[in-house]
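The values are calculated or read from the model by the stated rules, or taken from the named source; none is laboratory data. This structure is a prediction, so every number in the text was calculated from the model and none was measured. Counting neighbours? That spans all protein chains shown, and the Cβs are built from the backbone with ideal geometry, glycine included. The accessibility values were calculated without ligands, DNA or RNA, using every heavy atom of the protein model including side chains. Shrake-Rupley method; radii C 1.70, N 1.55, O 1.52, S 1.80 Å.
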Amino acid sequence: GSFWLPPGPGPFPGVIDLFGGAGGLIEFRAGLLASRGFAVLALAFFAYDDLPRTLAQLDLEYFEEAAELLLRHPKVRGPGLGVVGVSKGAEVALAMATFLPQVAATVWINGTAFLHGNPLVYKDLRIPPIPYYTERVIFTEVGALDNSAIFADPRDPAYSASAIPAEKVRGKVLFVVGEADRSFNSKLFAELAMARMPPESCRLLSYPGAGHLIEPPGSPLCSISSIRGTPRPVVWGGEAQAHARAQEHSWQEIIQFLELHLGPAATMKL
């Protein structure tokens with residue numbers, strides 16, 4: 001990963017920043033969060049450096065080690081930290097919030113509430129995944145992959161063992177949903193997670209017309225892009241104006257949420 005610090009003596013509230021199925025190390029959001037006064041660890045978890053090239057399983061001890069590393073830094077203010085994740089990274093973030101006591105504030109952006117494709121392991125625990133039904137993939141008129149149908153209905157009792165037990169979350173969770181997400185039914189997953197949680201521990205921001213890749217404001221709408229491991233570009237969804245509004249509004253809410261539950265960040269605001 002990479003570590004981003006604001007200027008000044010600190011200490012600063014700490015945040016771990018996670019992206020999804022593209023793998024690798026993605027740093028732009030970490031840099032922007034640091035400009036708002038947070039000490040941020042942009043964390044890769046596959047397809048980077050000496051990490052596995054493909055994602056076979058999620059080992060939560062890796063993420064626990066990252067949390068402990070961040071909190072040990074002299075410029076990071078504990079005792080709790082924040083996690084921001086999108087897509088597969090949001091799945092990881094919810095699991096971190098569930099099992100790691102260090103996680104006080106979690107921002108879940110268009111993720112799932114169940115393990116999909118890869119199991120999660122943590123010490124003696126193993127949560128089995130719901131398989132991807134890749135034979136259900138749809139090709140759009142421009143030849144891109146619409147993956148929305150490859151996810152089985154998580155409400156099927158056969159998949160109950162794959163649920164992330166979000167009722168164990170001790171901190172707060174902000175769920176951010178694009179209702180025009182063409183990757184998967186993020187709103188359903190958010191609602192299923194929230195149904196397991198005390199109402200005061202979670203909040204939903206749901207944006208009509210917004211797609212899967214809700215980024216900080218000023219980022220262009222990415223409705224289709226190539227991604228590592230897929231033979232063709234993938235459809236993410238979203239309508240330009242609605243998506244832009246969602247990015248503008250959600251970013252301010254994310255900053256306020258992190259400051260509320262981690263303590264105020266540095267006074268510098270870029």
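A few points about this structure:
- When Rg and the Kirkwood radius Rh are both evaluated on Cα atoms of the range 135-253, their ratio Rg/Rh stands at 1.00.
- Couplings 3J(HN,Hα) for the range 246-263, derived from phi with the Karplus relation 6.51 cos²θ - 1.76 cosθ + 1.60 (θ = phi - 60°), are 5, 5, 4, 6, 5, 4, 4, 5, 5, 4, 5, 4, 5, 5, 5, 9, 10, x Hz, where x marks Gly and Pro.
- When the helices of the chain are scored as -39500 (n - 2.57) per DSSP H run of n ≥ 4 and the total is divided over every residue, the value at 222 nm lands at -8000 deg cm²/dmol.
- Extending 7 Å from Cα along the Cβ direction at Ser206 and again at Asp49 yields two label points whose distance is 3.9 nm.
- GNM top mover of Glu135, Glu167, Glu91 - the chain, alpha-carbon springs below 10 Å: Glu135
- Fraction of antiparallel bridges per DSSP, the range 112-270 only, in percent to nearest 5: 50
- FRET efficiency, His249 to Ala195 (Cβ-Cβ, R0 25 Å, nearest 0.05): 0.55
- Charge tally for Gly78 (other residues, Cβ to Cβ under 14 Å; Lys, Arg +1; Asp, Glu -1): +2.
- Simple spin-label estimate for Thr230 and Glu68 in nanometres, 7 Å along Cα-Cβ: 3.6
- Where the range 107-228 is the region considered: accessible area per residue in Å², 1.4 Å probe: 45
- In nm, spacing of pseudo-spin labels at Glu135 and Lys123 (7 Å Cα→C-beta vector): 4.0
- Its Cα gyration tensor gives the range 20-148 an equivalent ellipsoid. The semi-axes, each the square root of 5 times an eigenvalue, are 28, 18, 13 Å from largest down.
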